[in-house]
1. Based on Cβ point charges of +1 for Lys and Arg and -1 for Asp and Glu, what charge dipole magnitude is obtained for segment 54-151 about its Cα centre, in debye rounded to the nearest 20?
2. Are any of the pairs Lys149/Lys220; Lys85/Lys180; Lys18/Lys220 more than 23 Å apart by Cα-Cα distance, and if so, which?
3. Is the shape of segment 209-260 best called rounded, prolate or oblate, per the rule: a/c under 1.5 gives rounded, else a/b larger than b/c gives prolate, else oblate, with a ≥ b ≥ c the square roots of the Cα gyration tensor eigenvalues?
4. Starting from the amide H of Ser210, placed 1.01 Å from N in the peptide plane, find each other amide H under 5 Å away whose residue is 5 or more places distant or on another chain.
5. Just to check I understand the Karplus step: with θ = phi - 60° and J = 6.51 cos²θ - 1.76 cosθ + 1.60, what whole-Hz values come out for segment 126-135, glycine and proline as x?
6. Once you order the gyration tensor axes a ≥ b ≥ c over the Cα atoms, which shape class does segment 1-64 get: rounded for a/c under 1.5, otherwise prolate or oblate by comparing a/b with b/c?
7. Amide H of Lys17 versus every other amide H placed in the peptide plane: which residues, excluding those fewer than 5 positions away on the same chain, fall under 5 Å?
8. To the nearest 500 deg cm²/dmol, what mean residue ellipticity at 222 nm is calculated for the chain from DSSP H runs of n ≥ 4 alone, each contributing -39,500 (n - 2.57), summed and divided by the residues?
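The values are calculated or read from the model by the stated rules, or taken from the named source; none is laboratory data. Note that this is a predicted model, so its numbers are computed, not measured. Neighbour counts are summed over all protein chains in view; Cβ atoms, including those assigned to glycine, are modelled from backbone coordinates with ideal geometry. The accessibility values were calculated without ligands, DNA or RNA, using every heavy atom of the protein model including side chains. Shrake-Rupley method; radii C 1.70, N 1.55, O 1.52, S 1.80 Å.
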Amino acid sequence: IFMFAYMPMGGLVVAFKKFNFSDGIWGSPWVGLENFKFLFASADTTWRMIRNTVGYYLIFTITGTVCNVALAIALNECRLKRFSKISQTMMILPTFISWIAVTYIVKALLDGNNGMINHIMASLGMEEISWYTEPKYWPVILTIVNLWKNIGYGSILYLSALAGMDQEVFEAAELDGASKWQKIRYITLPMLTSMISIMLLMGLGGIMTSNTGLFYQVTKNVGALYPTTQTIDSYVMNALTGGSSNFGMTAAVTFFQSVIGCIMVVIANLLVRRWDPDKSLF
């Protein structure tokens, strides 16, 4: 923990320097907050990036939590254990598919000329859609892709929590005449709240970050989609691939994201601890 979590913090000084390899981290010239100006160069672009980054975080967190919990409960309640294990294995497989492969899968579905979805729409007499020039559809598309890739792995955490629950509570409820839905509503979900709270608190640290593979590669970095797909990370990635190698700039952006994430975790944890100390992180 000391080597991989605390020692690298010394490198944060790069965010305030014009880094070059010949002088090294400590010898590079100091530029103060100059690197942070890149992130706030344009008010419209900055607002759009922050709005998209935070907005997608909220969408992914809400939909992911609901689907992960629902899937974990469904697999746990399934009486056909062999079917449950096979289903769980199949749903975990997308986690190990690279974002490059996911990009080609999405392209095969949405490509304007040869896309499967457009072929189906044309066969039904519907008007084809140029998906890669219409930004309004991409919040839904990215949400579906994110769920498809991560829901299997995310459900494992809640499934493990369900496996550790005291079964005597369920047996007592069944003797009292509780139905399956009543046991889920009044026993399973309340017992999962601690796990859900911890996962949400830990996830808050990444509120200002986003998956570059999803927002840069899957969207193919098409400029027409920027209004609904450009996030802070994809903006920095686009700047670096455009010929810039400013490590100070990327360090500044990462520093900004980390500070905001840390503040959010601390504030949210204080609120949770005031509401229920047992569900807080610290």
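1. 600
2. Lys18/Lys220
3. oblate
4. For Ser210, the qualifying residues are Asp233.
5. 8, 7, 5, 10, 7, 4, 7, 10, 10, x
6. Because a/c hits 1.5 or more and a/b fails to exceed b/c, segment 1-64 counts as oblate.
7. Val31
8. -19000 deg cm²/dmol
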